[in-house]
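After the structure tokens below, expect a handful of questions from me.
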Ligand SMILES: [Cu+2]
């Protein structure tokens, strides 16, 4: 066996390991409160230390108005994402936000407004309706394609994360304070448990 071939055989295993490590991983996060009860409908998002190219097509989010309420209460979009606001009630609504991340107003309307609203700045946007004071909803605009909302068990699975360092954040309107993002090194499929402080039930 010549020296060149021997060198190749030695190099091959390490090359294979290198390829494996580059595969995308999943991050599963469980969110519980101080009483260890699962928190559902919490937004979980992982911001990579090194920005990644878009891995999925942008989806148009929808916040409907039904029975004089916004549905869903919480929506998360990547920065630059759009949201449509179909009105499925028989009364008209006037949707607005005064939040610094997105100030806008949809003049009194019925049906589907012609253009969706683009959320081009990261941050929390609180929505209201000028006609119905009790209507409230939130759009959390995040600088990452890796986000989701917790379901039963307080769990959410974020897929397709390239290996690397991430800062994982949790947000819910039920939380009493903004939690500090948790640094997480993702190499293979990874799990993270987080505890959040909730506002007292009213
Ligand atoms: Cu309204």
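If you go through region 87-105, how many residues are surrounded by 14 or more Cβ atoms within 10 Å (Cβ to Cβ) and within 16 Å of the ligand (Cβ to nearest atom)?
Here is the first cut: in region 87-105, the residues surrounded by 14 or more Cβ atoms within 10 Å (Cβ to Cβ) are 87, 89, 92-97, 99, 101-102, 104.
Those still in the list that are within 16 Å of the ligand (Cβ to nearest atom) too: 87, 89, 92-97, 104.
Qualifying residue count for the region: 9.
Further question: Could you please tell me which pairs satisfy a Cβ distance under 6 Å, a separation of 6+ or placement on different chains, a first residue in region 120-136 that is more than 7 Å from the ligand (Cβ to nearest atom), and a second residue that is assigned to a loop (DSSP other than H, G, I, E, B)?
Going by the 6 Å Cβ cut-off, the qualifying pairs are 120/80; 121/101; 122/79; 122/143; 123/101; 125/101.
Out of region 168-183, which residues are in contact (Cβ under 8 Å) with a residue 12 or more places away in the chain and part of a loop (DSSP other than H, G, I, E, B)? Walk me through how you get there before you give the answer.
Initial filter on region 168-183 (in contact (Cβ under 8 Å) with a residue 12 or more places away in the chain): 168-177, 179, 181-183.
Those that are in contact (Cβ under 8 Å) with a residue 12 or more places away in the chain and part of a loop (DSSP other than H, G, I, E, B): 172, 173, 174, 176, 177, 179, 181.
Only one residue in 112, 108 is within 11 Å of the ligand (Cβ to nearest atom), surrounded by fewer than 15 Cβ atoms within 10 Å (Cβ to Cβ), outside the structural domain of residue 37 (by TED's automatic domain parsing) and more than 17 Å from residue 41 (Cβ to Cβ), so which one is that?
Values: 112 fails: within 11 Å of the ligand (Cβ to nearest atom).
Within the list 112, 108, the selection yields 108.
Can you tell me which of (1) touching a strand residue (DSSP E or B) at 6+ places or on another chain (Cβ under 6 Å); (2) away from the ligand (no atom under 11 Å from the Cβ); (3) in a loop (DSSP other than H, G, I, E, B) is the one residue 75 doesn't meet?
Result: residue 75 fails condition (3) only.
Shifting gears a bit: Answer yes or no: is there a residue in region 9-23 that is modelled with pLDDT of 75 or more and closer than 23 Å to residue 143 by Cβ.
Applying the first criterion (modelled with pLDDT of 75 or more) to region 9-23 yields 23.
The next check asks that each one be closer than 23 Å to residue 143 by Cβ; those that pass are none.
Within region 9-23, none of the residues are modelled with pLDDT of 75 or more and closer than 23 Å to residue 143 by Cβ.
The values are calculated or read from the model by the stated rules, or taken from the named source; none is laboratory data. This is a predicted model, so every value here is computed, not measured. Quick reminder, even Gly has a Cβ in these numbers, built from the backbone with ideal geometry, and neighbours come from all protein chains shown.
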